[in-house]
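Enquirer: Please see the structure below; I have some questions.
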There are 2 protein chains.
Amino acid sequence: MTLTLLGTGNVQGSPVYGCLCNACERARCEPKYRRRLCSAMLQVAGHTLLIDANRSDLCERFAANSISAILLTHYHMDHVQSLFQLRWSKVAPIPVYQPNDDKGCDDLFKHPGILAFQPANEMGREFCLPSLPDLRITALALNHSKPCNGYLFNYSNATLAYLTDTCELPKATWQALHKASPQYIAIDCSFAPGTVDHNHNNLTQVLAMAKAMPKSHWLLTHIGHDLDAYLMQHTPSLPDNITIARDEMTLTLA
Amino acid sequence: MTLTLLGTGNVQGSPVYGCLCNACERARCEPKYRRRLCSAMLQVAGHTLLIDANRSDLCERFAANSISAILLTHYHMDHVQSLFQLRWSKVAPIPVYQPNDDKGCDDLFKHPGILAFQPANEMGREFCLPSLPDLRITALALNHSKPCNGYLFNYSNATLAYLTDTCELPKATWQALHKASPQYIAIDCSFAPGTVDHNHNNLTQVLAMAKAMPKSHWLLTHIGHDLDAYLMQHTPSLPDNITIARDEMTLTLA
Ligand SMILES: [Mn+2]
Ligand SMILES: [Mn+2]
Ligand SMILES: [Mn+2]
Ligand SMILES: [Mn+2]
Ligand SMILES: [Zn+2]
Ligand SMILES: [Zn+2]
């Protein structure tokens, strides 16, 4: 099971158009510091699953009919924008797993094209792709302004959680996470310490969570330019079980 | 006054993901035949105006604070998708002129960010950017599934109309067009002859319009892969006042 972070930025991405902060200037000069909108790819047993769909180069990056399924976290535009062109393509229907959100985004439900929207995932209940029964997937509720799914993946002995967008975690999700004790947890860490927001974590909140679950390795994603600028200025020494994610970073789990 | 076609494709663009038709295969092999989503740029007296905003590379293509205004034709996603990231940028507010559509697209009106939405244009009534009084702009009604503006531009002795998305033209627009007798008319020509659609023109419809206004040069845009495939197969000899547009084509008007 291999996770690739296709994007690790928040809704603005990095560099932010017109921003002259240190983080944005660095991202302009050194492409490795750029952050695309937040999404990921999971490769398991010859299957490719997307977690959210927002890369502008999706159709160049993935050969036609190579995407087995799309798992959506939620219907904010920065997570689903690629669906609008993908729906009119000439590939076989792509199953789209989704949170329980009647509205979806704009007219996606009215004109789904080749997107095969699945019944909303029931929180905490394991499911799988029919063609990939060995990958067990569990949707976990998150705290966000729209209905929002985190996902827990189990394959063989490997366990991985992907948790964006969220501000801290609902109690049931926290309990499920403790029980699963995932090797890796990718988590929304949008803001620098001191920035309080009801929809996203700041670094202080994530550090507290990581301290409470020290056996998991925490991968910080959905990062805003302000947090990058903070990290450049303060270079805090982070615990060993924390990594600041970068675009195209890959994790291979046994 | 210079018009640059930033994209000349329909909602699918070309190549269509997974399509193996002759037009899509050609576009894959020869990038000059690719068609991005339909939009344009008008450069006048040191100002840059965008007509629709859908290029995925908008923030790389245009230096920060170099866009004087955005004129929207309508709120279909394939015409406005770039606004969702642009709104959260760190540039000065950008005036956005728009059709009379209360809904807009998704949550753009709720969270406009730096987008300065202007009162809806009144059809047939001339307006201008305060900083560019010599460019006279007139919104013209189009026939589409959403409220949709064409735009007529007058600058010095140059006249240009931009008319997407539309199926033929409302009578008042046709009359305004006759009266203005623009040097160039960029028009929606999505489909091959025989494809009938209430929202877009086919080639037969556009040929009839161009015949009725022979003094104008008609630039066919918003082109679907099926029309390109038709043109490859039939290579019809088109009247002298018709050009099939290509991405990045520029017209400089006296
Ligand atoms: Mn987000
Ligand atoms: Mn969100
Ligand atoms: Mn269109
Ligand atoms: Mn349209
Ligand atoms: Zn910045
Ligand atoms: Zn095709």
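Enquirer: Sum up the charges of everything whose Cβ sits under 15 Å from the Cβ of A:Met232, counting Lys and Arg as +1 and Asp and Glu as -1, but leave A:Met232 out.
Expert: +2
Enquirer: What is the Cα centroid distance between the range A:166-212 and the range B:160-237, reported in whole angstrom?
Expert: 54
Enquirer: Hey, another quick one. Leaving ligands, DNA and RNA out of it, report the carbon-plus-sulfur percent of the accessible area of chain B at a 1.4 Å probe.
Expert: Answer for chain B: carbon and sulfur cover 50 percent of the accessible area.
Enquirer: Express the Stokes-Einstein translational diffusion coefficient of the range B:16-92 in µm² s⁻¹, to the nearest whole number, given a Kirkwood radius over alpha-carbon pairs, 10 °C and a viscosity of 1.306 mPa s.
Expert: Rounded to a whole number, D works out at 113 µm²/s.
Enquirer: Can you list, shortest first in nanometers, how far A:Ala120 lies from the same residue in the other copies, with each label 7 Å from Cα toward Cβ?
Expert: 3.1
Enquirer: How much FRET efficiency would the formula 1/(1 + (r/R0)^6) give for B:Lys146 and B:Asn22, where r is the Cβ-Cβ distance and R0 is 25 Å, rounded to 0.05?
Expert: Efficiency for this residue pair is about 0.20.
Enquirer: Specify, for chain A, the residue whose C-beta is closest to the rotation axis mapping it onto chain B, with the distance given in whole Å.
Expert: Taking the axis that maps A onto B, the answer comes out as A:Ser56, 2.
Enquirer: Are there trypsin sites (Lys or Arg not before Pro) in the range A:149-254 that DSSP marks as loop and that have at most 15 other Cβ atoms within 10 Å, and which are they? Before the final figure, lay out the partial values.
Expert: Values: sites: A:Lys171, A:Lys179, A:Lys211, A:Lys215, A:Arg246; in loops: A:Lys215, A:Arg246.
Sites meeting the loop and neighbour criteria: A:Lys215, A:Arg246.
Enquirer: For q values of 0.09, 0.10, 0.13 Å⁻¹, compute log₁₀ I(q)/I(0) with the Debye formula on a Cα-only model of the range B:1-139, without solvent.
Expert: With no solvent term, the Cα-only Debye profile gives -0.30, -0.37, -0.60.
Enquirer: Find every distance from the label point of A:Gly194 to the corresponding label point in the other copies (7 Å from Cα along Cα→Cβ) and write them in nm, one decimal, shortest first.
Expert: Computed spacing set for this position: 6.8 nm.
Enquirer: Let me ask something else. What percent does the relative contact order of chain B come to when contacts are Cα pairs within less than 8 Å and at least six residues apart?
Expert: Once normalised by length, the contact order is 20 percent.
Enquirer: Okay, moving on. Compute from the Cα atoms of chain B the Rg and the Dmax, the latter being the longest Cα-Cα distance, and quote both in angstrom.
Expert: 17.3, 49
Enquirer: If you don't mind, another one. Could you list, in their original order, any pairs among A:Lys103/B:Lys146; A:Lys32/A:Lys171; A:Lys90/B:Lys32; A:Lys32/A:Lys110; B:Lys103/B:Lys171; B:Lys146/B:Lys211 whose Cα atoms are separated by more than 30 Å? Mind showing how you got there, number by number?
Expert: Working: A:Lys103/B:Lys146 19 Å; A:Lys32/A:Lys171 36 Å; A:Lys90/B:Lys32 22 Å; A:Lys32/A:Lys110 38 Å; B:Lys103/B:Lys171 26 Å; B:Lys146/B:Lys211 28 Å.
Where the Cα-Cα span goes over 30 Å, the pairs concerned are A:Lys32/A:Lys171; A:Lys32/A:Lys110.
Enquirer: Sticking with this structure for a sec: How big is the equivalent ellipsoid of the protein assembly as shown along its three axes, where each semi-axis is √(5λ) from the Cα gyration tensor, reported in whole Å from largest to smallest?
Expert: Each semi-axis is √(5λ); the values are 44, 26, 18 Å.
Enquirer: Copy-to-copy spacing for B:Asn65, label 7 Å out on the Cα-to-C-beta vector, in nm, shortest first?
Expert: Nearest to farthest, the other copies are at 5.2 nm.
Enquirer: Now for a different question. Tell me: how much accessible area in total is hidden between A and B, 1.4 Å probe, Å², nearest 100?
Expert: Buried: approximately 2200 Å² between B and A.
Enquirer: What would the Debye equation give as log₁₀ I(q)/I(0) for the range A:104-254 at q = 0.15 Å⁻¹, counting only Cα atoms as equal point scatterers?
Expert: Debye intensities relative to I(0), on a log10 scale: -0.84.
Enquirer: Let me understand the range B:60-193 better: what is its radius of gyration from the alpha carbons, and its Dmax, in angstrom?
Expert: 15.2, 46
Enquirer: Could you give the spread of the C-alpha atoms of the range B:84-133 along their three principal axes, from largest to smallest, in whole angstroms?
Expert: On the principal axes, the range B:84-133 reaches 31, 26, 11 Å in Cα extent.
Enquirer: To continue, here is another question. When the Karplus curve 6.51 cos²θ - 1.76 cosθ + 1.60 is applied with θ = phi - 60°, which whole-Hz ³J(HN,Hα) does each residue of the range B:62-79 get, with x for Gly and Pro?
Expert: For the range B:62-79, the Karplus curve yields 10, 4, 3, 6, 9, 9, 6, 6, 10, 9, 9, 7, 6, 9, 6, 4, 5, 10 Hz.
Enquirer: Between the chain alone and the structure with every protein chain in place, find the residues of the range A:69-101 that drop at least 40 Å² of accessible area; heavy atoms, 1.4 Å probe.
Expert: A:Met77, A:Gln85, A:Trp88, A:Lys90
Enquirer: Turning to a different aspect of this structure: Hey, what number do you get for the protein assembly as shown at 222 nm if only DSSP H runs of n ≥ 4 count, each worth -39500 (n - 2.57), divided across all residues, to the nearest 500?
Expert: Calculated at 222 nm, the ellipticity per residue is -5000 deg cm²/dmol.
Enquirer: Choose one answer from A:Arg34, A:Arg26, A:Arg61: the residue with the largest mean-square fluctuation in a GNM of chain A with alpha-carbon springs under 10 Å.
Expert: Of the options given, A:Arg61 has the highest mean-square fluctuation.
Enquirer: While we're here: Suppose every Lys and Arg Cβ carries +1 and every Asp and Glu Cβ carries -1, with no other charges. What dipole size does the range A:2-245 come out with about its Cα centre, to the nearest 20 debye?
Expert: I would put it at about 300 debye.
Enquirer: Using the heavy atoms of the protein chains alone and a 1.4 angstrom probe, what is the accessible area of the range B:2-252 per residue in square angstrom?
Expert: Working: 10250 Å² over 251 residues.
Accessible surface, normalised per residue, equals 41 Å².
Enquirer: Local charge sum around B:Thr166 (other residues, Cβ-Cβ under 14 Å, Lys/Arg +1, Asp/Glu -1)? Walk me through the numbers on the way to the answer.
Expert: Working: positive: B:Lys146, B:Lys171; negative: B:Asp52, B:Asp165, B:Glu168, B:Asp188, B:Asp197.
Summing Lys and Arg as +1 and Asp and Glu as -1 gives -3.
Enquirer: Could you run the Karplus curve 6.51 cos²θ - 1.76 cosθ + 1.60 with θ = phi - 60° over the range A:30-44 and give me ³J(HN,Hα) per residue in whole Hz, x for Gly and Pro?
Expert: 10, x, 5, 8, 5, 10, 6, 4, 6, 6, 8, 10, 10, 10, 9
The values are calculated or read from the model by the stated rules, or taken from the named source; none is laboratory data. Remember, predicted model here, so these are calculated numbers, not experimental data. In this analysis, Cβ positions are derived from the backbone assuming ideal geometry, glycine residues included, and neighbour counts consider all displayed protein chains. Please note that ligands, DNA and RNA were not included when accessible areas were found on the heavy atoms of the full protein model with its side chains. Shrake-Rupley method; radii C 1.70, N 1.55, O 1.52, S 1.80 Å.
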